[in-house]
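Colleague: One structure coming up, written as structure tokens, with questions to follow.
The values are calculated or read from the model by the stated rules, or taken from the named source; none is laboratory data. As the structure is a prediction and not an experimental result, all values here were calculated from the model. Here the Cβ positions follow ideal geometry from the backbone for every residue, glycine too, while neighbour counts run over all protein chains shown.
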Amino acid sequence: MIENAGRSLWLDAWIRLKANRAAIVSAVWLAFIGLICLIGPSFTNHEFTTQYSSYVRVPPSFDAYPKADKLDQEIKEIVARAHLTLKEWKEKDGRFFVTVTAPKPIDDRVTRYLDRSDSFKDGKVETKSADGMEMTMSAAVQKLYFYFGTDTSGRDLLTRTLMAGRVSLMVGLLAGFVAVFIGVIYGATSGFIGGKTDEIMMRIVDILYALPFTFFVIMLVVFFGRNFMLMFIAIGAVLWLDMSRIVRGQTLSLKRQEFVQAAEALGVSNMGILFRHIIPNMLGPIIIYVTLLVPQVIILESFLSYLGLGVQEPSSSWGVQISQGSRNMEGAAWLLIIPSFFLTSTLFALNFIGDGLRDALDPKDR
Amino acid sequence: MKKPVLSLKNIKVNFDTMDGKVEAVKGANIQVNAGETIAIVGESGSGKSQMMMAAMGLLAANGKATGECEFEGRNLLAMGKAELNTIRGRKISMIFQEPMTSLDPLYTIGNQLMEPIKHHLKFDAAAARKRAIEMLELVKIKEPERRMRSYPHEMSGGQRQRVMIAMALANNPELLIADEPTTALDVTIQAEILELMADLQHRLGMAMIFITHDLGIVKRIAKRVYVMRKGEVVEEGDTKAIFANPKHEYTKALLEAEPTGRKAPPVAGAPVILSGEDIQVTFKIGGGFLGSPPIELKAVDHVSVSLKQGQTIGIVGESGSGKSTLARALLRLLPSRGALNFNGQAITGFDKQTMRPLRKQLQVVFQDPFGSLSPRMTAGQIITEGLIVHEPAMSAAARDARAVQALEEVQIDPALRNRYPHEFSGGQRQRLAIARAIILKPKVVVLDEPTSALDRQVQKQIVDLLRDLQKAYNLSYLFISHDLAVVRAMADHIMVMKDGKLVEQGTPDEVMLKPKQDYTRRLMAAAFAS
Amino acid sequence: MLRYVLKRLLVAIPTLFVIITISFFLMHIAPGGPFNMEKGIPPEIKANIERVFHLDEPVLSQYLRYLNNLIHGDLGPSYVILNFSVAELFAKSLPVSLWIGSLAMLFSLVAGCAMGVVAALRHNGLIDYIVVTLATAGSTIPTFVTAPLIQLVFGLTFHWIWIGGWHEGALAALIGPVITLALPQLATVARLMRGAMIEALHTNHIRTAKAMGLSDYSIVIRHAMRGALLPIASYAGPAAAGLLTGSIIVESIFQIPGIGRSFIDGALNRDYTMVMGTVIIIAVFTIVFNLVSDILYAVIDPRVRYD
């Protein structure tokens, strides 16, 4: 059978990539993480800033809060807070009926004490004795689910983890692209012009390399202030160095290829050589590097956040969460383990995709 | 009747690859007798090397060999590694095609020579050293004592191959397997190494298996020959008999593959189309901001060329002689000194912009059919790129029509023009490169070793194609090659270069039959001795 | 060779100068100063302190003063830990970082090389997959995840190690930080070594050695491994510089009083001299260990000759 369509190297690479199970599973996982971070917070029924003072540091559970055995104590506390005396309480059709007494007439507004609790909602007066000193209130139990538990401020960890994921992934992507943009432009210019310009441009990169890297980032962050938008520009501006070296090396080696010389001999212009011959052949290494750069950026952001230099409360990122988790891991290990799992699995997925792309785009056995 | 040293019986070699099982050798039988030299000849991919690798236990991890390799009554293929190691390097040794990389770059020559001697013969250091120096003398390495302390990178390819031979013969093996030992070397060095090997075989009396694709070598060195094709032995027997009277179709084709014929000189009074006076090209090596001043290397040193319409000038010389650099200078792809003239117009000092309109008529075909085609463009895009540059007004349909025409001229099915370079064979790729050049209807085509990376049979087809095209379009060629047989068939004028200088020039008969210079004489002797 | 080393050290001086200059000005144009942070200092006292430390002068003259002191070997007083000079503080923190760093480096080099070689020899076998998986995990999981997990499992759950503090270098206090520091390096070394060994085992000169019937020991150790050590030599220098000058994360998590801690504290409190001192130490270590790397490379590979 003669197949005349032709199989481009891109198509070849795609076929090889599809055969790489680790890369495909990783891509699916990454898409899943991205999707739940994007839309998940709208479905958790919690705001990421809401603090449930009744549920501080509750462990992950699929059961609803409040737990039945806790209700008795909860009601006693509420009644005590309202300076009333509890006569009795009973449960009927999902509502709680609390009968209280007081030495003087009871104000109807005491139902607010029920509403104010995280366990109840819709409190109202059912009956009231003639002298007003005995009253029966009822309230619905407010069922709350904390699948990942809550943090030290009583905020839902699931919602917060997903919101933090948004930040971490966005910083990773945006800063990654800043780095790629600067790196590609700088490296391609240096490599394509060559000669003295190349030498000077690369000497500058060498010096920037010699600067202690963490110092540089920390200084930038301190200088720019703790501003989320500026932070990833700072990160991107630091991480472009590798990219520029890779792109320069690629440009130089492509310039020496015979097909580029052949194009020169055909009289193709510089722009034509750049766009038809150099850039298409450079895309592979750039794509590979981007997938390896994004996890680096996420780690760096987490690192800065861990030190308290990154994202600020009430916003969060996985790095911030891990930092908080590690301070509270004694007795609340989930605070550390859950964000660590999200961060690590994302990093693994990105690495596997990067490896898969490298094998697909740059197979040595060809 | 001498007894056989090694007999290969029904050898099969398979490789497990991503694309499934590949049969490299499909049941070959080969025998070599004591003190005898045999040759195994075949083109690349014929399985000739893999068969011997299998016998030596050197197959890649995904390779598997079956059959029987009988040596001293034992089957090499059935041996464990420990047992095999009492034979490899002791009774059978092997040398390879790549002299530049076959020695460990991190140890001295002496160290590497002594290691197998100590290992197999249990010599102490002093005795091993003495033996190693003896061997270096035997393979005619000058100053052996000093060379013992040299590292491989301090020696030339020819010297390294001599060291390899010394290492292989140090333990007096009964059989030496030589896998294309001269292919990577320049012709004059090739001749010396072959002479050395023949001489050593005569003196030491070991048997020798010579794997090669070069029929000239077979004729010179082997008494018997096996012809291999696609993993099978298609013909075997006495070398002279086979050369005189080949039976198998493939052997016949192989013997006829040497390019034949001669090129007649251009008609008298043909105008000069491309000329260069006193061309010089210098490269600066090293140097930097703080380093020492750069070294100047004269790649082309005062050479003049004058190419007439319809003429083919062959430029020959060994690697590093400056022949490719000269051609690039003539095309103004490199800065050079000296007056250049194309089609009656002085082009001295022309830059990219000013050269651009002329490029249409001044085309080039490079050596490497894998490297010279942009890997992410289709064949159609590659060959029409020049049209986009030089005839920007042309419609896409018209360009496509021209592409079809050009592909037909180089005998490639135009239906394949949407395929990518990696989907074509080496010979087809070189045809694409030629199509890219001729689609512009040029006056001059520079051919930079266009056949060197190809098998003999494909070479012949490309030579025929180039000659046909020359006749059809009255093209002028500048043909650069180290392969004198091809140059003889292509060129009507030959220039011999060495170290950037022109050594000698003249018609093929003058240069090849009556060389005036000593260097040319050696070159011709090496190339045509048979 | 000696001339080469001297030349490299000479070239390092301008590099160091550029680094010091960039760092100095970058830090001084950042808003805030060492004495702005603490609230409650009356303005006149603040002015007094700033006068004592010359912080009221223009930045350029502060810079020249700093350079002048530096040439005389004086790193200046700490602005935050009063009554201590930066040099005195380093005398306490540097040995701690050096000790932890060298233990981690040693561990990762020895274990990493061993793992890499074994994996390469069993290429595509079970051991290879295990090593590759471990190496991937080691280089993917960031230290600020591994460190608390190690604390949680080995410290809080099993009580094998202390989860923080220096304790005069007691073993139970060292294990946590050393392992955390070593894991990513070990993973990288193992991966590099594996790749280099696989490549080395496929070279033509190894084929020659096999064809000459040499022993496995000679082929693997003498011929393949020596070549495979070249990328390790290149990697080890910069990596050692990074490890020996302390890790901010590891020292913060395990509360180790090393260079990394003093650096981050200095940066957050605008302790200019402290930060500059740390930058200089890191830069000097980087330059020196890069040189060590290059020398090691030349020792292994005779093709590389410096003059």
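Colleague: Taking into account only those residues within the range C:280-305 that are away from chain A (no Cβ under 14 Å) and of a type in the set (Val, Ile, Thr), which is farthest from C:ALA228 (Cα to Cα)?
Modeller: C:VAL292
Colleague: Which residue pairs have Cβ atoms under 7 Å apart, sit 6 or more places apart or on different chains, and have a first residue in the range B:369-384 that is under 17 Å from B:ALA398 (Cβ atoms) and a second that is at pLDDT below 90?
Modeller: Matching pairs, first to second residue: B:GLY380/B:ARG417; B:GLY380/B:ASN418.
Colleague: Restrict the check to the range C:26-38 and report whether at least one residue is closer than 29 Å to A:VAL221 by Cα, touching a residue at least 12 places away in the same chain (Cβ under 8 Å), under 22 Å from the mean Cα position of the chain (by Cα) and outside any helix (DSSP H, G or I).
Modeller: So far as the range C:26-38 goes, no, none of its residues is closer than 29 Å to A:VAL221 by Cα, touching a residue at least 12 places away in the same chain (Cβ under 8 Å), under 22 Å from the mean Cα position of the chain (by Cα) and outside any helix (DSSP H, G or I).
Colleague: Just for the range A:52-75: of the residues that are part of a helix (DSSP H, G or I) and in contact with a Phe, Trp or Tyr (Cβ under 9 Å, 6 or more places away or on another chain), which one is farthest from A:ASP108 (Cα to Cα)?
Modeller: Selected residue: A:TYR55.
Colleague: Within the range B:81-103, can you find the residues that are part of a loop (DSSP other than H, G, I, E, B), at the interface with chain C (Cβ under 7 Å from one of its Cβ atoms), of a type outside the set (Gly, Ala, Ser) and crowded, with 24+ Cβ neighbours inside 10 Å?
Modeller: B:PHE96, B:LEU103
Colleague: Another question, then. Consider B:SER374 carefully, then state whether it is touching a His at 6+ places or on another chain (Cβ under 7 Å) and among the small types (Gly, Ala, Ser).
Modeller: yes
Colleague: Which condition breaks for B:ASN172 when tested against (1) part of a loop (DSSP other than H, G, I, E, B); (2) without any contact (Cβ under 8 Å) to a residue 24 or more places away in the chain?
Modeller: Only one criterion is unmet by B:ASN172, namely (2).
Colleague: Residue by residue through the range B:199-210, note down the ones that are free of Cβ contacts under 8 Å to residues at least 24 places away in the same chain and either in contact with a Pro (Cβ under 8 Å, 6 or more places away or on another chain) or within 24 Å of B:GLN50 (Cα to Cα) (or both). So that I can check it myself, show each step before the final result.
Modeller: Going through the range B:199-210, the residues free of Cβ contacts under 8 Å to residues at least 24 places away in the same chain turn out to be B:199, B:202-203.
Passing the criteria: none in range.
Colleague: Quick check on this structure: which one of A:PRO280, A:PRO285 is over 30 Å from B:PRO357 (Cβ atoms), surrounded by fewer than 24 Cβ atoms within 10 Å (Cβ to Cβ) and within 14 Å of chain B (Cβ to nearest Cβ)? Walk me through how you get there before you give the answer.
Modeller: Details: A:PRO280 fails: over 30 Å from B:PRO357 (Cβ atoms).
Selected residue: A:PRO285, the only one of A:PRO280, A:PRO285 that is over 30 Å from B:PRO357 (Cβ atoms), surrounded by fewer than 24 Cβ atoms within 10 Å (Cβ to Cβ) and within 14 Å of chain B (Cβ to nearest Cβ).
Colleague: Select from the range C:207-219 the residues that are facing another protein chain (nearest Cβ under 8 Å) and in a helix (DSSP H, G or I) and write down the one among them that is farthest from B:THR101 (Cα to Cα). Break it down into steps so the answer makes sense when it comes.
Modeller: Of the range C:207-219, the ones facing another protein chain (nearest Cβ under 8 Å) are C:207-216, C:218.
Filter once more, so that each one left must be in a helix (DSSP H, G or I): C:207-211, C:216, C:218.
Values: C:ARG207: 10, C:THR208: 10, C:ALA209: 12, C:LYS210: 14, C:ALA211: 14, C:ASP216: 20, C:SER218: 18 Å.
The qualifying residue farthest from B:THR101 (Cα to Cα) is C:ASP216.
Colleague: How many residues, within the range B:411-420, are loosely packed, with under 15 Cβ neighbours inside 10 Å and assigned to a helix (DSSP H, G or I)?
Modeller: 1
Colleague: For the range A:242-255, state whether one or more residues are in contact with a Lys or Arg (Cβ under 9 Å, 6 or more places away or on another chain) and within 11 Å of chain B (Cβ to nearest Cβ). Steps first, please.
Modeller: Taking the range A:242-255 as the starting set, the residues that turn out to be in contact with a Lys or Arg (Cβ under 9 Å, 6 or more places away or on another chain) are none.
No, the range A:242-255 contains no residue that is in contact with a Lys or Arg (Cβ under 9 Å, 6 or more places away or on another chain) and within 11 Å of chain B (Cβ to nearest Cβ).
Colleague: Looking at (1) under 26 Å from B:VAL22 (Cα atoms); (2) modelled with pLDDT of 90 or more; (3) more than 7 Å from every other protein chain (Cβ to nearest Cβ); (4) touching a Ser or Thr at 6+ places or on another chain (Cβ under 9 Å), can you tell me which one B:ASN62 breaks?
Modeller: Checking B:ASN62 against (1) under 26 Å from B:VAL22 (Cα atoms); (2) modelled with pLDDT of 90 or more; (3) more than 7 Å from every other protein chain (Cβ to nearest Cβ); (4) touching a Ser or Thr at 6+ places or on another chain (Cβ under 9 Å), the one that fails is (2).
Colleague: Could you list all residues from the range B:84-108 that are without any contact (Cβ under 8 Å) to a residue 60 or more places away in the chain and closer than 17 Å to C:TYR217 by Cβ?
Modeller: Going through the range B:84-108, the residues without any contact (Cβ under 8 Å) to a residue 60 or more places away in the chain turn out to be B:84-88, B:101, B:104-108.
Hits for the range B:84-108 are B:LEU84, B:ASN85, B:THR86, B:ARG88, B:ASP104, B:LEU106, B:TYR107.
Colleague: Could you list, in sequence order, all residues of the range C:119-157 that are away from chain A (no Cβ under 14 Å) and either without any contact (Cβ under 8 Å) to a residue 40 or more places away in the chain or charged (D, E, K, R) (or both)?
Modeller: Of everything in the range C:119-157, those that are away from chain A (no Cβ under 14 Å) and either without any contact (Cβ under 8 Å) to a residue 40 or more places away in the chain or charged (D, E, K, R) (or both) turn out to be C:ARG122, C:GLY125, C:LEU126, C:ILE127, C:ASP128, C:ILE130.
Colleague: Then there's this: Among the residues of the range B:354-410, which ones are more than 8 Å from chain A (Cβ to nearest Cβ), part of a helix (DSSP H, G or I) and acidic (Asp, Glu)?
Modeller: The answer is B:ASP400, B:GLU408, B:GLU409.
Colleague: Show me the strands (runs of 3 or more DSSP E) entirely contained within the range B:421-530 in which 2 or more residues are crowded, with 24+ Cβ neighbours inside 10 Å and either away from chain A (no Cβ under 14 Å) or among the aromatic types (Phe, Trp, Tyr) (or both). Walk me through it before giving the result.
Modeller: Details: elements: B:444-448, B:476-481, B:493-498, B:501-506.
Where strands (runs of 3 or more DSSP E) fall fully within the range B:421-530 and carry at least 2 residues being crowded, with 24+ Cβ neighbours inside 10 Å and either away from chain A (no Cβ under 14 Å) or among the aromatic types (Phe, Trp, Tyr) (or both), they are B:476-481, B:493-498.
Colleague: Exactly one of (1) away from every other protein chain (no Cβ under 12 Å); (2) not in a helix (DSSP H, G or I) is unmet by C:ILE163. Its number?
Modeller: Only one criterion is unmet by C:ILE163, namely (1).
Colleague: Next up: Determine which single condition B:GLN161 fails, assuming it passes every other condition in (1) away from every other protein chain (no Cβ under 11 Å); (2) surrounded by fewer than 23 Cβ atoms within 10 Å (Cβ to Cβ).
Modeller: Tallying (1) away from every other protein chain (no Cβ under 11 Å); (2) surrounded by fewer than 23 Cβ atoms within 10 Å (Cβ to Cβ), B:GLN161 fails exactly one: (2).
Colleague: Identify the single condition in (1) facing another protein chain (nearest Cβ under 8 Å); (2) surrounded by fewer than 16 Cβ atoms within 10 Å (Cβ to Cβ) that B:GLN345 does not satisfy, given that it satisfies every other one.
Modeller: The single condition B:GLN345 does not satisfy is (1).
Colleague: Has the range C:270-279 got at least one residue that is of a type in the set (Gly, Ala, Ser), more than 14 Å from chain B (Cβ to nearest Cβ) and part of a helix (DSSP H, G or I)? Spell out how you get there, then give the answer.
Modeller: Of the range C:270-279, the ones of a type in the set (Gly, Ala, Ser) are C:277.
Then drop every residue that is not more than 14 Å from chain B (Cβ to nearest Cβ), which leaves C:277.
After this cut, where a residue has to be part of a helix (DSSP H, G or I) as well, the list is C:277.
Yes.
Colleague: Oh, and also: Here is a check on your reading of the model: is C:ARG270 basic (Lys, Arg), farther than 15 Å from C:VAL178 by Cα, crowded, with 20+ Cβ neighbours inside 10 Å and within 21 Å of the chain's Cα centre (by Cα)?
Modeller: No, not satisfied.
Colleague: I would also like to ask the following. Among the numbered conditions (1) assigned to a helix (DSSP H, G or I); (2) facing chain B (nearest Cβ under 10 Å), tell me where A:VAL268 comes up short.
Modeller: Failing condition for A:VAL268: (1).
Colleague: Out of the residues in the range B:164-219 that are charged (D, E, K, R) and more than 20 Å from the chain's Cα centre (by Cα), state the one that is nearest to B:GLN31 (Cα to Cα).
Modeller: Selected residue: B:GLU174.
Colleague: Okay, next question. Any chance the range C:226-239 includes a residue that's more than 17 Å from the chain's Cα centre (by Cα) and buried (at least 24 other Cβ atoms within 10 Å of the Cβ)? Steps first, please.
Modeller: Initial filter on the range C:226-239 (more than 17 Å from the chain's Cα centre (by Cα)): C:226-231.
Checking which are buried (at least 24 other Cβ atoms within 10 Å of the Cβ) leaves us with C:228.
The answer is yes, given that some residue of the range C:226-239 is more than 17 Å from the chain's Cα centre (by Cα) and buried (at least 24 other Cβ atoms within 10 Å of the Cβ).
Colleague: Given the conditions (1) modelled with pLDDT of 85 or more; (2) among the hydroxyl-bearing types (Ser, Thr, Tyr); (3) touching a strand residue (DSSP E or B) at 6+ places or on another chain (Cβ under 9 Å), which single one is not true for C:THR140?
Modeller: Condition (3) is where C:THR140 drops out.
Colleague: Considering only residues of the range A:294-307 that are facing chain C (nearest Cβ under 8 Å) and surrounded by fewer than 24 Cβ atoms within 10 Å (Cβ to Cβ), which is nearest to C:THR136 (Cα to Cα)? Can you show your working first?
Modeller: The first filter runs over the range A:294-307 and keeps only residues facing chain C (nearest Cβ under 8 Å), leaving A:295, A:299, A:302-303, A:306-307.
Next cut, surrounded by fewer than 24 Cβ atoms within 10 Å (Cβ to Cβ) only: A:295, A:299, A:303, A:307.
Working: A:PRO295: 13, A:ILE299: 15, A:PHE303: 20, A:LEU307: 25 Å.
Once the filter is applied, the top-ranked residue is A:PRO295.
Colleague: Something else now. Going through C:SER215, C:SER252 one at a time, which residue ends up being surrounded by fewer than 21 Cβ atoms within 10 Å (Cβ to Cβ) and either more than 30 Å from A:SER326 (Cβ to Cβ) or of a type in the set (Phe, Trp, Tyr) (or both)? Spell out the reasoning first.
Modeller: Working: C:SER252 fails: either more than 30 Å from A:SER326 (Cβ to Cβ) or of a type in the set (Phe, Trp, Tyr) (or both).
C:SER215 is the lone residue from the list that is surrounded by fewer than 21 Cβ atoms within 10 Å (Cβ to Cβ) and either more than 30 Å from A:SER326 (Cβ to Cβ) or of a type in the set (Phe, Trp, Tyr) (or both).
Colleague: In addition: Filter the range B:348-383 down to residues that are of a type in the set (Gly, Ala, Ser) and either within 14 Å of A:GLN261 (Cα to Cα) or surrounded by 20 or more Cβ atoms within 10 Å (Cβ to Cβ) (or both) and give me whichever is modelled with the lowest pLDDT. Quick ask: steps written out before the conclusion?
Modeller: Applying the first criterion (of a type in the set (Gly, Ala, Ser)) to the range B:348-383 yields B:349, B:371-372, B:374, B:379-380.
Add one more test, that the residue is either within 14 Å of A:GLN261 (Cα to Cα) or surrounded by 20 or more Cβ atoms within 10 Å (Cβ to Cβ) (or both), and what stays is B:371-372, B:374, B:379-380.
On the way: B:GLY371: 83, B:SER372: 86, B:SER374: 86, B:ALA379: 89, B:GLY380: 90.
Among those residues, the one meeting the criterion is B:GLY371.
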